[in-house]
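Visitor: Following this message is one structure expressed as structure tokens.
The values are calculated or read from the model by the stated rules, or taken from the named source; none is laboratory data. Nothing here was measured: the structure is a model prediction, and the numbers come from that model. Counting neighbours? That spans all protein chains shown, and the Cβs are built from the backbone with ideal geometry, glycine included. Accessible surface is based on the protein model in full, side chains and every heavy atom, while ligands, DNA and RNA are left aside. Shrake-Rupley method; radii C 1.70, N 1.55, O 1.52, S 1.80 Å.
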Amino acid sequence: MCNIKKIPAIIMAGLAMIIVFSATNLSAKEIPAEVLAKIASFTNVEMSPDGNYIASLRPVKGRKYLVIESIDPDIKKTTSVFNPAEATVGSYMWLNDDRLAVSVYYNRTHRGAAYREWRLLAVGKDGKNIINLAKGNGGRAAQATLWNIKSILPNDADNILVQVRELENALRRKNDVIAASVYKVNVNSGKRKKVARGQKNINDWYADIDGNVRLGYGIVGTSMKVVMRGKGGGGWKTMARFDSVTGTIEYDVEGFSPDENIIYVGSAVGGAHYAFYKYDLAKQAFGEQLFGKENIPVTGIKFDRYTGKIDGYYYTEHEQKTHYVNKRLRSIQRFLDKQFPDTNNSIESYNRDKTRFIIKVSGPQFAGELMFFDIKTKQMMVISELFGGIDLNDLSDMVPVSYKARDGLEIPSYLSLPLDREAKNLPTIILPHGGPIARDVRGFDQWVQFLTSRGYAVLQMNYRGSSGYGRKFRDLGIQQWGRAMQDDITDGTRWMVEKGYSDPDKICIMGASYGGYSALNGIAREPDLYKCAISFAGIGDMRLFIREENKFLGFETSMKYIKNQNHSLTDISPAHNIDKIKAPVLLMHGTLDVRVPFKQGPIFYKKMKKAGKDIKFIKLEGENHFLELEKSKLVFLKEVDKFLKKHLN
């Protein structure tokens, strides 16, 4: 299944030129929905520690399956497909050269509500010898995901550390509590031994590179605490307490250093930009700054999972990038950026000794290729295009822009324009992202390219409350759902008109999840601004969303984060403001949505119909919150196409 093609070094520069110049032709045509509804040929690629195999999610019969295949050209080609009956693969990681941990989920329903039942399995690279890695009281399978793995114990190929929530002492006494314990588990047999006993109100444990459980996070309601201890064990010491929504923690623990008194933390200490530091536990003081970029908050540390050393630091400017401190990785990244200067180039995965790499090259105007690079042979080979059948001449750029909100806050955004039309008085799609604690980045976007190839301008804004711009910007979204966050979207729409990009009579607002909510809320708050709205998996009734203890944050956290004392939930619920809506609505929702329950769709649809409003509702059977099935993607794009042609053209 893995069709590898060698690229001679002499034509690498030529390939780079193709990527740069092929999208400068302004003769574009509509990209078929059938092409843009496809699942990428490879996603979430993970290389085995020995560098001979890769595991990835690949399209099989219109959905994603875990495929494990040999990548070494000198090894006999083998491929195994892993997808347990009735289950869906969520994530996975290599545990050693021969076995992987795989988290899978089963779609369940209870009293009409969909939920996921998770299992953590180990499987051989041949797809065989499947065992359960997480068991609770009585040896029963426990709810667990990849997140429950606390250490792969790099010096012990047969065992890992797994966290399991269980009833302490397995006795149902009045004072017993469900707590998180940590076990050493054999990846071949499933045999286990408890190495860290659960404690009341500690929900999550972390281990250092040697397998010592040394850090714990606890939460009761929205009150959180951090506890730590030394390498040799001993008593636990509370390092910090804070409110998870409204409070400020001095630092976020990122990992452990070789010195047991030094940990790696992220912090905006002293009001500076967020950066990574060494922190001295004995002195309780910040030490050397490890990495930070002015006005560009860093997002994570990339550790070598086999040594515990820092390989690099993640940050997002307009694309997601990594600043490597490992010399070999830094050299490869520089080579890639020199060869392909107009794309975003990333090292997706590599083997234990950093001699074999999976490379991804992509960008707004280049749908992407996956490559295999071997330092020893000095060969780079194309594994696959990520999306076939796309003419690069038809792809639009995604240009960084910004505008000021009504209170003066700068709102970073991305503007995509159709190639073959003058950038003036265009029919426009306002496309706010979901989350809302998320952000849009510059890159290949199937929805955006579908829209621009049909002549629509697209504006994507990272409204207040978005992640990726620092804690202060993110916290501006607290208690501003449907209020200041919505105003940012409205102000972006008016900016498009003021700049002359948009025809004020041909603007539609469209989104998924929180973006879908913003679309519905937008036409209720600004009935004369938008000519139509498209919502996938959007929240229509905020009161219902809170009442059902939404799956985003939990009930108490949701109330603190969403509800503003000056406004009722009714005020920010589109379903309770239908009398203000004038624009026609296209509404779609998946029946297996566990984030925003499916019932939100029919409830909003019935209220709109009862009020005599223009709405079309499409139920997507077997679809989840993330629109993952090819058949659902195709229905979505075709319905969007028809709806927009009817209301904007």
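Visitor: In square angstrom, what is the accessible area per residue of the chain with a 1.4 angstrom probe?
Guide: Details: 28080 Å² over 649 residues.
Accessible surface, normalised per residue, equals 43 Å².
Visitor: Tell me the trypsin sites (Lys or Arg not before Pro) within region 461-518 that lie in a loop according to DSSP and have at most 13 other beta-carbon atoms within 10 Å.
Guide: Working: sites: Arg464, Arg471, Lys472, Arg474, Arg483, Arg494, Lys499, Lys506; in loops: Arg464, Arg483, Lys499.
Hits after loop and neighbour filter: Lys499.
Visitor: So, with a 1.4 angstrom probe, what is the percent of accessible area on region 351-431 that is carbon and sulfur?
Guide: After summing per-atom areas, the C and S share lands at 47 percent.
Visitor: Rounded to whole Å, give me the distance from the Cα center of region 303-318 to that of region 595-646.
Guide: Between the Cα centres of region 303-318 and region 595-646 lies a distance of 40 Å.
Visitor: Beyond a 22 Å Cα-Cα separation, which of these cross-linked pairs lie in this structure: Lys231/Lys283; Lys225/Lys309; Lys599/Lys619; Lys38/Lys642; Lys424/Lys580?
Guide: Lys225/Lys309; Lys424/Lys580
Visitor: First check a/c for region 84-135, with a ≥ b ≥ c the square roots of the eigenvalues of its C-alpha gyration tensor; if it is under 1.5, answer rounded, and if not, answer prolate when a/b is larger than b/c or oblate otherwise.
Guide: prolate
Visitor: What does the extension gain come out to for Glu498 and Ile262, with contour length at 0.36 nm per residue minus their alpha carbon separation?
Guide: Taking 0.36 nm per residue and subtracting the Cα distance, the gain is 79.7 nm.
Visitor: Shape of region 373-412 from its Cα gyration tensor (a ≥ b ≥ c, root eigenvalues): rounded if a/c is under 1.5, otherwise prolate when a/b > b/c, or oblate?
Guide: Oblate is the answer for region 373-412, as a/c is 1.5 or above yet b/c matches or exceeds a/b.
Visitor: While we're here: Got a sec to turn the phi values of region 344-350 into Karplus ³J(HN,Hα) couplings, 6.51 cos²θ - 1.76 cosθ + 1.60 with θ = phi - 60°, whole Hz, x for Gly and Pro?
Guide: In residue order, the calculated couplings are 8, 10, 9, 8, 7, 6, 7 Hz.
Visitor: Cross-link partners among aspartates and glutamates for Lys354, C-alpha distance below 16 Å, same-chain residues fewer than 8 apart left out?
Guide: Leaving aside aspartates and glutamates fewer than 8 places away in the same chain, those within reach of Lys354 are Glu46, Asp50, Asp72, Asp97, Asp304, Asp311, Asp374.
Visitor: With n ≥ 4 as the cut-off for DSSP H runs, can you work out [θ] at 222 nm for the chain, using -39500 (n - 2.57) per run divided by the number of residues, rounded to the nearest 500?
Guide: -5000 deg cm²/dmol
Visitor: Which pairs break 29 Å Cα to Cα here: Lys29/Lys506; Lys61/Lys150; Lys64/Lys184? Don't jump to the answer; show the numbers that get you there.
Guide: Values: Lys29/Lys506 21 Å; Lys61/Lys150 34 Å; Lys64/Lys184 31 Å.
Over 29 Å apart, Cα to Cα: Lys61/Lys150; Lys64/Lys184.
Visitor: Check cross-link reach from Lys76 to the lysines: straight Cα distance under 20 Å, and skip same-chain residues fewer than eight apart.
Guide: Lys5, Lys6, Lys125, Lys128, Lys376
Visitor: As I understand it, the dipole of the chain uses +1 on the Cβ of Lys and Arg and -1 on the Cβ of Asp and Glu, about the Cα centre. Which of Tyr530, Ala179, Leu459 lies farthest toward its positive end?
Guide: Going by the Cα projections, it comes out as Ala179.
Visitor: Separate question: Multiply the residue separation of Asp528 and Asp156 by 0.36 nm, subtract the distance between their alpha-carbon atoms, and state the gained length in nm to one decimal.
Guide: Contour length minus Cα-Cα distance gives 127.5 nm.
Visitor: With +1 on each Lys and Arg Cβ and -1 on each Asp and Glu Cβ, and nothing else charged, work out how big the dipole of region 257-401 is about its Cα centre, in Debye to the nearest 20.
Guide: Charge dipole, region 257-401, about its Cα centre: 720 debye, nearest 20.
Visitor: Related question: What residue among Tyr279, Gly300, Val269 has its Cα farthest toward the positive end of the dipole of region 255-305, where the charges are +1 on Lys, Arg and -1 on Asp, Glu, each on the Cβ?
Guide: So the residue furthest toward the plus end is Gly300.
Visitor: What shape does region 382-480 have by the C-alpha gyration tensor, where a ≥ b ≥ c are the square roots of the eigenvalues, rounded means a/c under 1.5, and otherwise prolate means a/b greater than b/c and oblate the rest? Provide the component values of the computation, followed by the final result.
Guide: Details: a/c = 2.83, a/b = 1.55, b/c = 1.82.
Verdict is oblate for region 382-480.
Visitor: Evaluate the charge dipole of the chain about its Cα centre and quote only its size in Debye, nearest 20, assuming +1 on the Cβ of each Lys and Arg and -1 on the Cβ of each Asp and Glu.
Guide: Using only the charged Cβ atoms, the result is roughly 1820 debye.
Visitor: Related question: State the extension gain, in nm to one decimal, for the chain segment bounded by Lys77 and Asp475, taking 0.36 nm per residue of separation less the distance between their alpha-carbons.
Guide: In short, 138.2 nm is gained.
Visitor: Among residues other than Leu459 whose Cβ falls under 14 Å from its Cβ, what is the net charge (Lys/Arg +1, Asp/Glu -1)?
Guide: Its environment carries a net charge of -3.
Visitor: Just report the Cα centroid separation between region 478-522 and region 285-301, whole Å.
Guide: Between the Cα centres of region 478-522 and region 285-301 lies a distance of 33 Å.
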